[in-house]
Structures are given as structure tokens and as C-alpha cells.
């Protein structure tokens, strides 16, 4: 099996180690392989969205990180049917988007949020 080297922030390694222990993974490599499999499944599901789709996109982020949300939202107004913004209990914001339109555009919006380092959660659920 080829070896891949990567750099991660200390906090992420700490969290990986906690997940590894709590879920019983034999090591970091096994955990990372599992995470990559989930990512690939998610990407494949997004790529398989039909020409016309309806979906709910959930995004969470720290309150001070509103700028990327606003930028991405404005770039995709043509597929946003509804947007709800809420403030969570831990100084996080929750954004709920009801999306309707071409599957590739929905996938593109989701990908834009995923590329932002400051987004804590990005989940797409097709309806």
C-alpha cells in the first residue's frame, strides 16, 4: 500500500486520536482511510445528483465567519428557495438552505462551502 504523508494542525490530531480511541480504530491510518472512504462516497453521491434536484444544505460556522456564507449565498441566489439563519448555543451559527435547481449547481454550492476552512459542518441532504 502506498504511503501518503500529510500535515495536520495539532488540534485536529488531538481530535483524531480521541475519535480513534472512542471508535476502536487500530491506528490513525485506519481512521484516515475510513474518513477518505466516506468523503469519496459523499462526492460520488453529489456527482450523481439529477439534472433537477431538491436538497437541504446545512452549514455551521463561528459567528465571526459570516463573510464566506454571504459571498457563497449571493453567488447562488438562483437555486436558493429559502434560507434560515440561526445562532446556536456554542457561539456557532447554523445556516439552512432549501435548494432547488440543476444538480450540478447544487453540488457546486456545496463544494464551495466545503472548501472554506472556517466552516465547521457542511451536510447536503437530497429530498
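Going through segment 107-127 one residue at a time, which ones are farther than 17 Å from residue 47 by Cβ and in contact (Cβ under 8 Å) with a residue 60 or more places away in the chain?
Once the filter is applied, which keeps residues that are farther than 17 Å from residue 47 by Cβ and in contact (Cβ under 8 Å) with a residue 60 or more places away in the chain, segment 107-127 yields 119, 120, 121, 127.
Just the residues that are over 16 Å from residue 93 (Cβ atoms), modelled with pLDDT of 90 or more and either touching a helix residue (DSSP H, G or I) at 6+ places or on another chain (Cβ under 8 Å) or assigned to a loop (DSSP other than H, G, I, E, B) (or both), please, taken from segment 109-127.
109, 110, 111, 112, 124
Of all the residues that make up segment 51-69, how many are within 20 Å of residue 105 (Cα to Cα) and exposed (fewer than 10 other Cβ atoms within 10 Å of the Cβ)?
Going through segment 51-69 one residue at a time, the tally reaches 1.
Those residues that are free of Cβ contacts under 8 Å to residues at least 24 places away in the same chain and surrounded by 10 or more Cβ atoms within 10 Å (Cβ to Cβ), I need them from segment 71-80; list them, please.
Scanning segment 71-80 gives 71, 80.
Identify the residue in segment 61-101 that is farther than 21 Å from residue 46 by Cα and assigned to a loop (DSSP other than H, G, I, E, B) and, among all such residues, is modelled with the lowest pLDDT.
Out of the qualifying residues, it is 89.
With the checklist (1) touching a residue at least 60 places away in the same chain (Cβ under 8 Å); (2) surrounded by fewer than 16 Cβ atoms within 10 Å (Cβ to Cβ); (3) assigned to a helix (DSSP H, G or I) in hand, flag the one item residue 104 doesn't pass.
For residue 104, the exception is condition (1).
The values are calculated or read from the model by the stated rules, or taken from the named source; none is laboratory data. Just so it is clear, the model here is predicted, and its values are computed rather than measured. When we count neighbours, we look across all protein chains shown, and the Cβ atoms used for this are built from the backbone with ideal geometry, even at glycine.
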